[in-house]
Each structure stands twice: as structure tokens, then as C-alpha cells.
1. Two-decimal Rg/Rh of the stretch 67-132 from alpha-carbon positions, Kirkwood Rh?
2. Quote the convex hull volume per residue of the stretch 154-195, based on C-alpha atoms, as a whole number of Å³.
3. For LYS135, which aspartates and glutamates qualify as cross-link partners when the Cα separation must be under 12 Å and same-chain residues fewer than eight apart are set aside?
4. Against the globular-protein guess of 2.2 N^0.38 Å, express the Cα radius of gyration of the stretch 99-196 as a ratio, rounded to two decimals.
5. Using a 1.4 angstrom probe on heavy atoms only, work out the carbon and sulfur share of the accessible area of the stretch 50-186 in %.
Amino acid sequence: MSIFLLVTLVAIAITNVTSFIPSPISSLSSNKLHTNPKLQPLFLSTSDEPTTTTTTTSSFYALDPESSEAKSITSSLGVTPAQHELLIDLSHLVVEWNDRLNLISRKDCTVNVVFGRHVLPSVALLPLLLKLEGKEKKKVVDVGTGGGFPGLPLAILFPSVEFTLVDSVGKKLRAVSDMADELSLTNVQTHHGRAELMVDESASLHYQQYDVCVGRSVAALPYP
């Protein structure tokens with residue numbers, strides 16, 4: 001089982017992307033994959049398969065972003081060396097902000113964990129968002145961005161795409177905005193509020209304005 005496939009499956013399992021994933025995650029699984037206890041949490045259980053619980057810790061996903069393995073993974077996805085360096089910088093910024101504000105779990109919050117557990121699954125969406133190429137309107141909304149995932153890593157990879165990062169917690173959005181400024185990301189804006197109220201509050205700004213909607217660890221997003 002390659003690290004690349006593992007990262008891709010993690011991204012699909014924990015990130016809902018409307019318009020791009022019409023079939024259940026379980027359709028990607030096989031009996032061979034299910035026999036690996038480390039991969040079992042990545043799959044949805046189905047009625048004809050026994051449900052088992054596998055506990056993993058944050059350190060399970062840790063990966064040194066400076067390692068040749070990390071660079072090989074991002075390079076295989078089309079990430080440039082300069083973009084990889086920005087992803088490393090983002091990992092450090094998240095750790096720094098997390099000391100002041102609970103952006104993500106403070107347990108085992110290290111650069112390696114942030115990169116392996118939060119940055120890489122976001123980066124794994126890169127091939128899917130390549131479908132935006134050629135579109136005149138290129139806008140992505142990240143619902144419930146929290147600590148900036150997957151919005152900030154994707155904004156690094158797609159500088160020509162406009163990203164709106166939405167969250168109901170103002171303190172988190174201030175951290176996200178600061179990190180975007182630190183990384184010189186001019187294609188990121190934030191929206192403070194609940195996603196379900198965006199159209200009612202600012203219909204002209206948000207109604208049918210986005211090509212892609214992403215959401216990580218928020219709720220199931222409807223598939224049209």
C-alpha cells in the first residue's frame with residue numbers, strides 16, 4: 001500500500017467535496033485493504049461487512065515535511081518545491097497559533113502531525129480541483145474551515161483560484177487570516193458566520209457563486 005494512496009484515501013474519507021465524489025467511499029475498498037488494521041478507519045462500514053473499531057493517535061499520521069518521503073508525495077501530486085516550502089511554513093504557523101488558540105487538537109500538536117494529518121489530506125485534493133482549469137469563474141468555498149483546512153493548503157496550490165473560508169468562530173478566522181497574510185496569500189478571504197445563513201445574509205455575494213464547496217470534519221455535504 002503506497003503512502004500516496006494512503007494519503008488520498010485519508011483525504012477522501014475525511015473531506016467531503018461536492019460534485020466530485022458521487023459514490024460511497026466504501027466502493028473504493030477491497031477485502032485486501034480491509035485486512036490492514038491501520039487502513040480500516042479510512043473506510044465506511046457496509047451492511048455485509050463486520051464493523052470493527054481501530055483506535056489511532058495523532059502520531060500515527062506524523063510525517064516530517066522536510067523528509068524526502070514527504071517531498072516525494074507532494075511532488076507526485078504536482079506540488080512545486082516552492083509550494084512545498086509554503087506548506088511547511090503553514091505547518092509551523094498552525095503549531096504557533098495552536099499554542100494561543102485551540103485551532104486543532106492540542107494533543108500531539110507538532111509540525112510533523114500537522115503536516116501529516118492536516119496538510120497532506122488537503123493537498124491530496126489537488127487532482128480534483130484541477131477540474132477548475134479552463135473555467136472563467138474559479139471560486140471555492142471552505143465550509144467550517146477551523147484551522148484553515150483544507151482551504152489554506154489548497155490556496156497555496158491554486159493561486160489563481162479565489163477561496164472563501166467560512167467559520168462561525170471569529171477567533172479561528174482571525175488566526176486563518178493572519179496565516180494567509182504571513183504566507184502572502186492574496187487569494188484568501190474569510191466569512192464569519194454559519195454557512196447555512198450565507199445566502200440569506202448576502203445573496204448577491206454567495207448565491208451560486210462557487211464552483212466547488214469543500215468541508216472537513218463538519219457534516220455531510222449534499223450531493224446534487
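The values are calculated or read from the model by the stated rules, or taken from the named source; none is laboratory data. Nothing here was measured: the structure is a model prediction, and the numbers come from that model. Surface accessibility is based on the protein's heavy atoms, side chains included, excluding ligands, DNA and RNA. Shrake-Rupley method; radii C 1.70, N 1.55, O 1.52, S 1.80 Å.
1. On the way: Rg = 12.6 Å, Rh = 12.5 Å.
So for the stretch 67-132, dividing Rg by the Kirkwood Rh gives 1.01.
2. 56 Å³
3. Cross-link targets: ASP211.
4. 1.06
5. Reported share for carbon and sulfur atoms: 48 percent.
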